[in-house]
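As structure tokens, the structure follows; a few thoughts come after it.
Here, each number is a calculation from the coordinates, and none is a lab measurement. In this text the structure is predicted, and so the values were computed from the model without any measurement. Cβ: placed from backbone, ideal geometry, glycine included. Neighbour counts: every protein chain shown.
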Amino acid sequence: MLQLKNLSFEVMVDGEKKTIIRDLSLTVPENKLVAVTGPNGGGKSTLAKLIMGIETPTAGQVFFRGKDITKRSVTERANLGMGFAFQQPVRFKGIRVLDLIRIAAGEHLTPASACEYLSAVGLCARDYVEREVNASLSGGELKRIEIATVLARKPLLSVFDEPEAGIDLWSFQNLIRVFQEMRKKTENGSILIISHQERILNIADEIVVLKDGTVDRQGSREEILPGLIGTPAARADCPRVEKTEGGAF
């Protein structure tokens, strides 16, 4: 599905080169849920941006379904079947939630059809479908709407960067259910989740541990998770609680 070969990424900081990703090689197989974790500053979010074409690697290659997409744009990658949910969702003043879901789906969905995706992430659809994606929405609401757009997109590869960030405890507990349902319904597709949360790592087929910008460990959940429990890479604490509207997720 996804293959990264000898990927490196450098930035200039105060006139000096700083390596964020270092000669990283990684394979995400088809029809798997893969969780990426590791210490803060290990390069996890940068890796997601390199996968999606938001950043361009200094060296190495990115392959998707056998095609070299290293120089492909974000739009081209999306058209190939890749979807991405930001750690901090983007706000779009003047665009309704309905419009956003239609854009994600690539078709003129009826309000009723769009509401199915909102209901799947626990939002009371009738209260949200006509709202603008702007500052009137909380971070938790935006996060859930963004996940709804990924569901509508039906990508072959779904990449989530810390999806638990900014959502309330009840939403987090049910976010796990959403990922499990996605996993069941995915045919020849994969899900890549960047997270520190033990409960997310516990539903992964494979876990990848990044450290100092490269793969420190990779293997099945049974192989990797026991060694992470109690460390910063696998937090058992709840995500930051944020009060959200719209009923239970």
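A compact table of results
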item	result
Pair K18, V90: separation of 7 Å Cα→Cβ label points (nm)	2.4 nm
Bins of 10 Å from zero: percent of alpha-carbon pairs in the chain	7, 31, 36, 21, 4, 0
Amide H within-cut-off set for G81, under 5 Å, with H built and near neighbours excluded	none
Bins of 5 Å from zero: percent of alpha-carbon pairs in the stretch 129-228	2, 11, 21, 22, 19, 14, 7, 2, 2, 0
Amide H contacts of V36 (H built 1.01 Å from N, under 5 Å, at least 5 apart or other chain)	I193, I194, S195, V208
Selected from L123, Q88, S158, residue furthest toward positive end of dipole (the stretch 61-161; charges at beta carbon)	S158
Listed pairs K44/K71; K67/K93; K71/K154; K71/K143 exceeding 25 Å between Cα atoms	K67/K93; K71/K143
Qualifying aspartates and glutamates (Cα of each under 20 Å from Cα of K17; at least 8 residues distant if same chain)	E55, D212
